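Shown next, in C-alpha cells, is the structure this report addresses.
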Amino acid sequence: MRMKMLSAAFLGLALFAGAAFAQTPAPAFDTKAKQILLVDAETGTVLFSRAENDPIPPASLAKLMTMEVVGEALGKGEVSPETLYDVSEHAWRTGGAPAGTSTMFAALKSRIRVADLLQGVAVQLANDACIILAEGMTGSEGAFAERMTARARELGMPVATFRNATGLPDPGNKITMSELVTLVRHLHEAHPDLYRLYSQPEFEWNKILQRNKNPLISANIGVDGLATGFAEGFGFSLAASLQRGDRRVYLAMGGLETDKERIEESRKVLDWAMTAFEKKRIFADGESIGEAAVYGGDASHVALVAGGPVDVLLPVNNPERLTARIVYKWPLRAPVTAGTEVGVVKLWNGEKLLREVPVKTAGAVGQGTLTSRAVDALQELLFFWL
C-alpha cells in the first residue's frame with residue numbers, strides 16, 4: 001500500500017527548536033547498557049534508546065507479566081485477594097526454599113491468599129509465589145505461561161514469549177526493552193493497586209520479614225517500582241519508573257556487567273532524564289498541522305489536527321533540527337467525515353524519532369461531481385504510472 005509523507009504545517013516546512021541552535025551543544029550522553037529504552041510518561045518522548053527491539057531473556061522481569069495476568073483476572077472477578085491457593089511440590093521444589101532462589105518460603109501443602117502471593121512477587125520476586133499463582137489460576141505453570149504470552153499480544157507486545165511464570169532459564173523466554181516499557185506503563189496506569197506493592201521497602205509474611213529486592217527503592221531518588229533481573233550470558237537488567245515533581249519516566253535497560261554497574265547506570269540515566277530536558281509545545285489543541293489530499297470529493301484537501309496539544313521533551317541544549325511529518329494512506333477517498341483518524345504525525349529531533357501522534361480530519365469532505373471524480377481518477381492513474 002502506497003504511503004505519502006508531508007512535512008507538518010506546510011509542504012517542505014520544518015519545525016525548529018528555537019533558541020537552542022544558538023547554544024553550545026551539551027556533551028553527548030551515553031550509558032554502559034547494551035539495551036535500553038527511556039521514555040517520558042506524559043509526552044511519550046523517547047529520551048534515549050539502544051537496541052530496544054532486540055529480544056533478550058527476561059529473567060525475573062517476566063514476573064511483571066505474571067503480575068499483569070493476575071491483575072487482569074482480579075479486575076474481571078476471576079479471583080479475589082482472599083482466594084486461597086495450594087502450595088504444590090513443584091512450586092516448593094522449583095521456587096521455594098529447596099531451590100535456593102528468590103522465595104517467600106511458602107510451606108509445602110499449605111494454602112496462601114492471593115493478596116499475600118502478590119506481595120511476595122512484587123517485593124521479593126518470589127519464584128514460589130509465581131508458580132503457586134500460575135497453578136492456582138490455570139492448573140499448571142505451562143498453561144499460565146501460554147496465557148502470559150497471549151496477554152502480551154493483546155497489550156501490543158509482538159515478541160514477548162513466556163515458557164514459565166518466573167523467568168527461570170528457558171530458551172523460549174524472550175522480551176524486548178520496548179515491550180518492557182509498554183508493560184511497565186500498563187501496570188502503572190491500569191493496575192495502580194498492584195503497582196503500589198512495588199514501592200514497599202519490606203513486607204512480613206508468616207513471621208518472616210523480607211526486604212525489597214529492588215535496590216533503587218531504598219535509594220530515595222524517586223523510583224517507586226519495579227524489578228530487576230539477571231540472565232547468564234546477557235547480564236543484569238532492570239525495569240523501573242521514577243516520579244519527581246510532576247514528571248515521570250519509564251526505563252528498561254539490560255546488558256550490564258554487574259549488580260553494582262546496574263545500580264550506578266540506572267541512577268545516572270534517571271538523573272539525566274530529569275535534569276537535561278525541557279518540555280516544548282509543538283502544536284496547540286485544535287491547531288491545523290497539515291492537510292491530506294482527498295480523492296473524488298467536493299474539496300481536494302482536508303485539514304488535519306491532533307487529538308489535543310502535542311508536546312515533546314528536548315535537550316536543554318539542543319543542536320538538532322526538529323522536524324515533523326504526517327504519514328497517511330494516499331489519497332483519502334470521499335466522503336470523509338470529521339474526526340476520522342487517518343494517520344500519524346511523526347516528530348523527529350535530527351535523525352531520532354521522538355514520538356508518533358495520531359492525526360484526524362478537522363472537517364468533512366462530501367462526494368464530488370462526476371467531472372471532479374473523473375479528473376481525480378486520471379491524476380491517480382498518472383501518479384501510479386509515473
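Listed values, structure above:
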read-out: Dimensionless Rg ratio for the chain, taking C-alpha atoms and the 2.2 N^0.38 Å reference; value: 1.18
read-out: By average C-beta atoms within 10 angstrom, highest first, the peptides 324-330, 174-180; value: 174-180, 324-330
read-out: Sites Glu42 and Leu209 - FRET efficiency at Förster radius 22 Å, r taken between beta-carbons, to 0.05; value: 0.05
read-out: Farthest positive-ward along the chain dipole, Cα basis, beta-carbon charges - from Asn53, Ile221, Val181; value: Asn53
read-out: Range of Cα positions in region 100-213 per principal axis (Å), largest first; value: 42, 28, 23
read-out: Shape call, region 229-329: gyration tensor on alpha carbons, a/c limit 1.5; value: prolate
read-out: Rounded to the nearest 10 Å², the accessible area of His191 at probe 1.4 Å; value: 30 Å²
read-out: Assigned charges on the beta-carbon of Lys, Arg, Asp, Glu; region 74-137 dipole about Cα centre (debye); value: 40 debye
read-out: Violating pairs (Cα-Cα greater than 21 angstrom) within the set Lys280/Lys352; Lys32/Lys279; Lys109/Lys207; Lys32/Lys346; Lys32/Lys280; value: Lys32/Lys279; Lys32/Lys346; Lys32/Lys280
read-out: Heavy atoms of Glu154: accessible area, 1.4 Å probe, square angstrom to 10; value: 130 Å²
read-out: Cβ-derived FRET efficiency at R0 25 Å, Glu351 paired with Asp54, nearest 0.05; value: 0.85
read-out: Selected from Cys130, Gly71, Gly297, residue furthest toward positive end of dipole (the chain; charges at beta carbon); value: Gly297
read-out: Virtual paramagnetic centre 7 Å along Cα→Cβ of Gln367, amide N under 18 Å, in region 323-350; value: 332-338
read-out: Interatomic Cα distance distribution for region 140-193, bins of 5 angstrom, percent; value: 4, 21, 26, 26, 17, 5, 0
read-out: The chain, dipole about Cα centre (Lys/Arg Cβ +1, Asp/Glu Cβ -1), debye to the nearest 20; value: 420 debye
read-out: Exposure ranking of Ser266, Ser102 by accessible area [1.4 Å probe, largest first]; value: Ser102, Ser266
read-out: Degrees, to the nearest 10: 370-385 long Cα axis against longest axis of the chain; value: 70 degrees
read-out: Cα-based helix-to-principal-axis angle, 141-154 vs the chain, degrees rounded to 10; value: 20 degrees
read-out: Electrostatic dipole magnitude of region 155-253 [Cβ: Lys, Arg +1; Asp, Glu -1; Cα centre; debye, to 20]; value: 100 debye
read-out: Helix 62-76 axis, angle to the chain major axis (alpha carbon atoms, nearest 10°); value: 80 degrees
read-out: The chain: relative contact order as a whole-number percent, Cα under 8 Å and 6+ apart; value: 20 percent
read-out: Computed [θ] at 222 nm, helices only, for the chain once each DSSP H run of length n ≥ 4 contributes -39500 (n - 2.57); value: -9000 deg cm²/dmol
read-out: 16 Å cut-off, amide nitrogen to a point 7 angstrom out along Ala143 Cα→Cβ, residues in region 111-136; value: 131-136
read-out: The chain - accessible surface per residue (Å², probe 1.4 Å); value: 46 Å²
read-out: Heavy-atom accessible surface of the chain: percent carbon and sulfur, 1.4 Å; value: 54 percent
read-out: For Glu291, solvent-accessible area (1.4 Å; no DNA, RNA or ligand), Å²; value: 100 Å²
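The values are calculated or read from the model by the stated rules, or taken from the named source; none is laboratory data. A quick note: this is a predicted structure, and the numbers were derived from the prediction, not measured. Because the Cβ atoms are built from the backbone with ideal geometry, glycine has one as well, and the counts that use them run over all protein chains shown. Accessible surface areas use protein heavy atoms only, side chains included; no ligands, DNA or RNA. Shrake-Rupley method; radii C 1.70, N 1.55, O 1.52, S 1.80 Å.
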